[in-house]
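What follows is a single structure, written as structure tokens, with notes after it.
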Amino acid sequence: MTSALITEVIFTAIFVLVIFACTSKKAVNDMAGVAIGLTLTVIILAILPVTGASLNPARSFGPAFIE
């Protein structure tokens, strides 16, 4: 459980950093969608076997809390 939580936190942070970098005022936004999409694809492929690749704490904790 701890390793799954740490994995989700780290990869979610990486994903959020990519989104912030791509959408900042200093960034060239021509390929922002491609960069965000490819990052999401790689993250999902990397952690799908480990945690199911939720990448959204509300989506993960809500059903787990109710069960």
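Computed from the coordinates by the stated procedures, all read-outs in this text should not be read as laboratory data. The structure displayed is predicted, hence computed values, not measured ones.
Would you report the distance distribution of C-alpha pairs in region 2-66 as whole percents per 5 angstrom bin, up to the bin with the largest distance?
Bins of 5 Å from zero give 3, 18, 24, 22, 15, 10, 6, 2, 0 percent of pairs.
Using only helices, what value at 222 nm comes out for the chain when you add -39,500 (n - 2.57) per DSSP H run of length 4 or more and divide by the total residues, to the nearest 500 deg cm²/dmol?
Per the formula, -26000 deg cm²/dmol.
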